[in-house]
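Visitor: To start, I am sharing the structure in question, which I have written as C-alpha cells.
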Amino acid sequence: MNLPNLSLGEYELVYNMLSLAIAAMFGSFVFFTVAQKQLTYKYRPALIMSSLVVFIAGYHYWRIFNSWESAYTLIDGAYKPSGKPFNDAYRYVDWLLTVPLLVAELVAVLALSREVRTPMMFKLIIASVLMIGTGYPGEISADTTVRGVWGFVSTIPFVYILYILWVELNKATADASPRVKKLLGDTKLLLLATWGFYPIAYLMPQLGVAAGSATVSLQVGYSVADILAKCGYGFMIYAIAQAKMEAEGASPAEVAA
Amino acid sequence: MSRSAAQESPTGHYHTAGLALLTVGGINALIAAVGLVQGRADGFISQGVMLTFALGMVGVGGWMRSRRADAP
C-alpha cells in the first residue's frame with residue numbers, strides 16, 4: 001500500500017479509532033465471557049462464539065495498530081511514511097475466522113430444533129467462507145477487471161446468505177415472540193448495514209478514489225463497521241437470548257445452573 | 001419422529017455449536033497449513049497466526065462436543 005502524507009489530525013484520527021476498536025473488542029470479550037452465566041445453558045454456546053469473535057478481532061486490531069504506528073514518522077509537524085509497510089490485511093485473517101462464526105452464532109442463539117439448525121448453520125458457514133475466500137483474489141489484485149470479476153463472484157454467496165437469513169430463518173422463527181422477532185430483525189439489519197460497508201471499500205479503486213485520500217476514511221470506516229458488526233452484534237445476540245429466556249419464563253435456578 | 005427444540009436436550013445445542021466451531025476451525029486450519037507447507041509469502045495472510053486461532057477454535061469446538069451431562 002502506498003501511504004500518503006498525513007496531517008496531525010488525520011493520523012491521530014486513525015490512531016484513536018484503532019485504539020478504540022482494541023478497547024471495544026477486549027471490553028466486549030470480558031463482558032461476553034462473564035455474561036454467559038446470566039443465560040440458561042442452551043443459550044451459552046452463542047455467547048461463547050461471540051467471545052471468540054471479539055478476542056480474535058481484538059488481537060488483529062492490536063497488530064494493525066502496531067503496524068500503523070511504525071508505518072509513520074512525525075517530521076516537521078506532519079506524519080510521513082517511515083518506509084515500513086502498513087499491513088491492515090490482518091483483517092482478512094480476522095474475517096476468514098470470524099465471519100462464519102458471526103452467522104453461526106445467530107442460528108445458535110435461536111435454539112432451533114436440530115433438524116433445522118444443523119443444516120442452516122452449515123449452509124451459512126460454507127457460504128460465508130466462499131464469500132471471503134472468493135473476495136480475496138480480487139482484493140490482492142491491482143487489475144480492476146480482476147477485482148470486479150472476483151467481487152461479483154463473492155457477491156453470489158453473500159446474496160445466498162441474505163436469502164437464508166431473510167427467508168429460511170424467518171420461516172424457522174415464525175412462532176417466536178414479537179420481542180424476539182423484533183430483535184432478530186434489528187440484528188439482521190445491523191449485519192446488512194455493517195457488511196454493506198466492506199464492498200464499498202473493496203470497490204473504491206474501481207470508483208476512482210485515490211488511495212491516498214481514501215486511507216483515513218477507509219481505516220475509520222472499517223473500524224466503525226467492525227465494532228458494530230462484532231461488539232454491537234454480540235450485544236444483540238445477548239439481548240435475543242435474554243428475550244427468549246423471558247418468553248420461556250426461565251427461572252433463576254435454571255440461569256444459575 | 002423428530003423432537004421439537006423445547007423437548008430437546010440443552011447439551012444438543014452445545015454439540016451443534018461445537019460442530020460449527022470444528023468446521024470453521026478445520027477449514028481455516030487447512031488453509032493455513034497448506035500455506036505454511038508451501039512456504040507462501042503472502043502480504044495479506046499471516047499463516048501462523050491463522051493456524052493458531054483455527055486450532056484454538058477446534059479445541060473449543062471439541063470441548064463443546066465432549067459435553068455429555070445436561071445441566072440440572
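The values are calculated or read from the model by the stated rules, or taken from the named source; none is laboratory data. Computed from a prediction, not measured in an experiment: that's the story for all the values here. Positions of Cβ are backbone-derived with ideal geometry, glycine not excepted, and every protein chain shown enters the neighbour counts. Ligands, DNA and RNA are excluded from the accessible area calculation, which covers all protein heavy atoms including side chains. Shrake-Rupley method; radii C 1.70, N 1.55, O 1.52, S 1.80 Å.
Visitor: Using only Cα atoms, find the angle between the long axis of helix A:211-226 and the longest principal axis of chain A, and express it within 0 to 90 degrees, rounded to the nearest 10.
Guide: 20
Visitor: Near the amide H of residue A:72, under 5 Å away, which other amide H atoms are found, from residues 5 or more places off or on another chain, if H is placed in the peptide plane?
Guide: Under 5 Å from the amide H of residue A:72: A:82.
Visitor: Sticking with this one: Go through segment A:11-24 residue by residue and turn each phi into a ³J(HN,Hα) via Karplus (6.51, -1.76, 1.60, θ = phi - 60°); whole Hz please, and just put x for glycine and proline.
Guide: Per-residue couplings from phi come out as 4, 6, 5, 5, 4, 6, 5, 5, 5, 4, 5, 4, 4, 5 Hz.
Visitor: Another question, then. Residue by residue, what Karplus-based ³J(HN,Hα) values in Hz, rounded to whole numbers, does segment A:92-97 have, using 6.51, -1.76 and 1.60 with θ = phi - 60° and x for Gly and Pro?
Guide: 5, 4, 4, 5, 4, 7
Visitor: Mind checking the mean number of beta-carbon atoms from other chains within 10 Å of the Cβ atoms in B:17-30?
Guide: Working: counts 14, 2, 5, 15, 8, 0, 7, 13, 4, 0, 7, 5, 0, 0.
So the per-residue partner count for this stretch is 6.
Visitor: Output wanted: per-residue J couplings in Hz (rounded whole) for segment A:104-111, from phi through Karplus 6.51 cos²θ - 1.76 cosθ + 1.60, θ = phi - 60°, x for Gly and Pro.
Guide: After applying 6.51 cos²θ - 1.76 cosθ + 1.60, I find 5, 5, 5, 5, 4, 6, 7, 6 Hz.
Visitor: Next question. Could you report the buried accessible area between B and A, both sides summed, computed with a 1.4 Å probe and given in Å² to the nearest 100? Before the final figure, lay out the partial values.
Guide: Values: alone 5240 and 12270 Å², together 14260 Å².
For B against A, buried area totals roughly 3300 Å².
Visitor: Straight-line reach only, C-alpha to C-alpha below 24 angstrom: list the lysines that residue A:171 could link to, leaving out same-chain residues fewer than 8 apart.
Guide: A:42, A:123, A:181, A:182, A:188, A:244
Visitor: So which residues of segment A:102-122 lose at least 20 Å² of accessible area, probe 1.4 Å, when you go from the chain by itself to every protein chain present?
Guide: SASA drop of 20 Å² or more in segment A:102-122: A:111, A:113, A:114, A:115, A:117, A:118, A:121, A:122.
Visitor: How would segment A:31-131 be classified by its alpha-carbon gyration tensor: rounded, prolate or oblate, with rounded meaning a/c under 1.5 and the a/b versus b/c comparison settling the rest? Please report the intermediate quantities before stating the final value.
Guide: Working: a/c = 5.69, a/b = 2.24, b/c = 2.54.
Judged from the Cα gyration tensor, segment A:31-131 comes out oblate (a/c at least 1.5, b/c at or above a/b).
Visitor: Let me ask something else about it. Given a 1.4 angstrom probe, I'd like the percentage of the accessible area of segment A:6-256 that is carbon and sulfur, rounded to a whole number.
Guide: That share works out to 68 percent.
Visitor: Another one. What whole-number value in Å² describes the accessible area per residue of segment A:6-256 for a 1.4 Å probe?
Guide: Details: 10210 Å² over 251 residues.
For segment A:6-256, the solvent-accessible area averages 41 Å² per residue.
Visitor: Moving to a separate point now. Which of A:214, A:104, A:142 moves most in a GNM of chain A, Cα contacts under 10 Å?
Guide: Comparing A:214, A:104, A:142 in the GNM, the peak value goes to A:142.
Visitor: Which angle between 0 and 90 degrees, to the nearest 10, do you get for helix A:233-248 versus the longest principal axis of chain A when only C-alpha atoms count?
Guide: 10
Visitor: Taking 40 Å² as the minimum loss, tell me which residues in segment A:136-171 lose that much accessible area going from the chain by itself to the full protein complex (1.4 Å probe).
Guide: So the qualifying set is A:136.
Visitor: For the protein assembly as shown, what mean projected area does the convex hull of the alpha carbons give, in nm²? All intermediate terms of the calculation are to be shown ahead of the outcome.
Guide: Details: hull surface 70.1 nm².
Mean projected area for the protein assembly as shown: 17.5 nm², to one decimal.
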